[in-house]
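The values are calculated or read from the model by the stated rules, or taken from the named source; none is laboratory data. This one's a predicted model, so the numbers in the text were calculated from it and none came from an experiment. Every residue, glycine among them, receives a Cβ derived from its backbone with ideal geometry; neighbour counts consider all protein chains shown. Ligands, DNA and RNA are excluded from the accessible area calculation, which covers all protein heavy atoms including side chains. Shrake-Rupley method; radii C 1.70, N 1.55, O 1.52, S 1.80 Å.
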Amino acid sequence: MPEPWLFDHPLAPHTRYRIGGAAARFRELETEREAVACVQELDGRPYKPIGGGANLLVADRGVDFPVLALTSEFRAVEVEEDAIVAGAGTALPALVQTARREARCDFHHLEAVPGTVGGALRMNAGTRDWGVWDVVEWADALFPGLPAVTRLTAAEAQPGYRDTGVPEGTLFLRARLRAARGDAQAVERAHRSYREEKVRNQPYDRASCGSVWKNPPGQSVWRLIDAIGMRGTRRGGAQISELHANFILNMGGATAGDVIELMRETRRRVLERFGIGLVPEVRLWGCDPELLRELGAEDQIP
Ligand SMILES: Cc1cc2nc3c(=O)[nH]c(=O)nc-3n(C[C@H](O)[C@H](O)[C@H](O)COP(=O)(O)OP(=O)(O)OC[C@H]3O[C@@H](n4cnc5c(N)ncnc54)[C@H](O)[C@@H]3O)c2cc1C
């Protein structure tokens, strides 16, 4: 049997940011059997799944935990009468394109959202008022240390604003998404106008991780960043977007350190000026607990 693990595997090409160091161990999982065997082999030791790396910043020094990526079988999409069943490795644009073509309601909220179904389930991806779990009937998952597939409902996954309540390292395998048929023209219009507005207001011409910070209750984070005058601020190869101040862009050659410096300064100044402690939406891998605390990411401390 060939060695299934890749060692010292660069993660930057697996992220939208194209930033960050290597994973000590990396493995692609093609089938459910392989995924179950892998979780069994890891025997409760910490690991993390990676999808499209569209909401991820990997530290320059890399990560010492194993990283798992879903391929092959996990990219299957099946259209049913009133639902779409999608593997967690499916690219979100492929799912959205299917729903749009089949005139299914609700998927326009995921237009122009990069990444995979697995990442979307973990992050409860969507808009401020809508998350993918709003249409998830069930999702199959593997929990660390429990090598048996568990079928979760939304009530069990406890989705919230850009997160779910499942333990860190939970590996989503597939989901059944409610997808009622709609009026073809109305569905098409919803997709087109949502995409147009999103692409007009957010930067798609440079690598990013999407929104860096969660919106504090009742606030828009970009307004706070604007108010402290940090729109357009650059550190090394990273820059706070001129178009949308909650995006930090890789302008070419940015390091994770550059992005973190901008995050640190933004958070410190927003706290000083408004007394609001921003919380990162982006997942931060390979950062020590002290830095995570400084960045307001206590929820990401292992
Ligand atoms: C330009 C741009 C626009 C964006 N717009 C939006 C938006 O409108 N709304 C929105 O919600 N997000 C948005 N995002 C963020 C991102 O697209 C979503 O969070 C997406 O769901 C991330 O999916 P991913 O597969 O890339 O996850 P990754 O970035 O690979 O991982 C994110 C988290 O999900 C976990 N994960 C990944 N795969 C799995 C799996 N199979 N099982 C369990 N956990 C897994 C990872 O461990 C990590 O904790 C945007 C990003 C960009 C770059």
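Only one residue in 67, 58, 96 is under 25 Å from residue 146 (Cα atoms), open to solvent by less than 30 Å² (accessible area, probe 1.4 Å) and either within 8 Å of the ligand (Cβ to nearest atom) or aliphatic (A, V, I, L, M) (or both). Which one?
Among 67, 58, 96, only 67 is under 25 Å from residue 146 (Cα atoms), open to solvent by less than 30 Å² (accessible area, probe 1.4 Å) and either within 8 Å of the ligand (Cβ to nearest atom) or aliphatic (A, V, I, L, M) (or both).
Suppose we filter 28, 73, 78 for residues that are assigned to a strand (DSSP E or B), closer than 30 Å to residue 188 by Cα and either out of contact with any strand residue (DSSP E or B) (no Cβ under 7 Å at 6 or more places or on another chain) or not aliphatic (A, V, I, L, M) (or both); which single one remains?
Exactly one of 28, 73, 78 is assigned to a strand (DSSP E or B), closer than 30 Å to residue 188 by Cα and either out of contact with any strand residue (DSSP E or B) (no Cβ under 7 Å at 6 or more places or on another chain) or not aliphatic (A, V, I, L, M) (or both), namely 78.
So how many residues does region 2-43 have that are at negative phi, open to solvent by 10 Å² or more (accessible area, probe 1.4 Å) and free of Cβ contacts under 8 Å to residues at least 60 places away in the same chain?
The number of residues fulfilling the criteria is 20.
Within region 146-175, how many residues are more than 12 Å from the ligand (Cβ to nearest atom), within 21 Å of residue 69 (Cα to Cα) and open to solvent by 60 Å² or more (accessible area, probe 1.4 Å)?
Residues in region 146-175 being more than 12 Å from the ligand (Cβ to nearest atom), within 21 Å of residue 69 (Cα to Cα) and open to solvent by 60 Å² or more (accessible area, probe 1.4 Å): 2 in total.
Which residue is surrounded by the fewest Cβ atoms within 10 Å (Cβ to Cβ), if the candidates are limited to region 77-93 and must be in contact (Cβ under 8 Å) with a residue 60 or more places away in the chain and either small (Gly, Ala, Ser) or near the ligand (Cβ under 8 Å from one of its atoms) (or both)?
For region 77-93, the residue satisfying everything is 83.
Please tell me if residue 206 is among the charged types (D, E, K, R), in contact with a Leu (Cβ under 8 Å, 6 or more places away or on another chain) and modelled with pLDDT of 95 or more.
yes
May I ask you to say which residue of 114, 46 is within 23 Å of residue 176 (Cβ to Cβ), open to solvent by 10 Å² or more (accessible area, probe 1.4 Å), out of contact with any Ser or Thr (no Cβ under 6 Å at 6 or more places or on another chain) and assigned to a loop (DSSP other than H, G, I, E, B)?
Criteria check complete, one pass: 114.
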